[in-house]
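Below is one structure, written out as structure tokens; comments come after it.
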Amino acid sequence: MSVERQAVIRSKSGLHARPAARVVKEANRFRSQVELVTQGKAVSLKSLISVLSLGLNQGAEVTVRASGPDEVEAAEGLAQLLETDLG
């Protein structure tokens, strides 16, 4: 089973290198498998290259999907982080 949470990218410059690195670092704190889903594509939130490959801009709607022992905490925490302006 997995947990999903919706989020909107709030960073003014989207999810470019620095904000993406911060999200990936946070995702790696969790034991669960965590994915970022948008426009039919799902990538690991634990891989910086994968997250950057999505080219997400401010206002992009995404889903955080987590599956594992701390899935609820992971999905909620990462969705909240994406909703903040990461710079």
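Within region 54-73, being touching a residue at least 60 places away in the same chain (Cβ under 8 Å) and crowded, with 20+ Cβ neighbours inside 10 Å holds for Val64, Arg65, Ala66, Glu71. Answer with yes or no whether Arg29 is part of a loop (DSSP other than H, G, I, E, B), of a type in the set (Lys, Arg) and either at pLDDT 95 or above or crowded, with 17+ Cβ neighbours inside 10 Å (or both). Yes, satisfied.
The single condition among (1) β-branched (Val, Ile, Thr); (2) surrounded by fewer than 20 Cβ atoms within 10 Å (Cβ to Cβ); (3) not in a loop (DSSP other than H, G, I, E, B) that Val23 does not meet is (2). One residue stands out in region 1-44 among those that are of a type in the set (A, V, I, L, M) and over 12 Å from the mean Cα position of the chain (by Cα): the one that is farthest from Val72 (Cα to Cα), namely Ala17.
Taking every residue in region 12-28 that is more than 17 Å from Glu61 (Cβ to Cβ) and pairing it with any residue that is modelled with pLDDT under 95 and of a type in the set (A, V, I, L, M), at least 6 positions away or on another chain, the pairs with Cβ-Cβ distances below 7 Å are Arg22/Leu86. In region 32-53, the residues that are part of a loop (DSSP other than H, G, I, E, B) and modelled with pLDDT of 95 or more form Cβ pairs under 6 Å with partners that are among the aliphatic types (A, V, I, L, M) and buried (at least 17 other Cβ atoms within 10 Å of the Cβ), at six or more places apart or across chains, as follows: Ser32/Ala66; Ser32/Ala74; Leu45/Ala27; Leu45/Val34; Leu45/Leu36; Lys46/Ala27. Quickly run through region 7-20 and pick out the residues that are surrounded by 17 or more Cβ atoms within 10 Å (Cβ to Cβ) and part of a strand (DSSP E or B). Ala7 - this is the single residue of region 7-20 that is surrounded by 17 or more Cβ atoms within 10 Å (Cβ to Cβ) and part of a strand (DSSP E or B). Applying the criterion of being of a type outside the set (A, V, I, L, M) and surrounded by 13 or more Cβ atoms within 10 Å (Cβ to Cβ) to the residues of region 32-52, the residue that is nearest to Gly68 (Cα to Cα) is Ser32.
The values are calculated or read from the model by the stated rules, or taken from the named source; none is laboratory data. Quick caveat: nothing in here was measured; it's all calculated off a predicted structure. Counting neighbours? That spans all protein chains shown, and the Cβs are built from the backbone with ideal geometry, glycine included.
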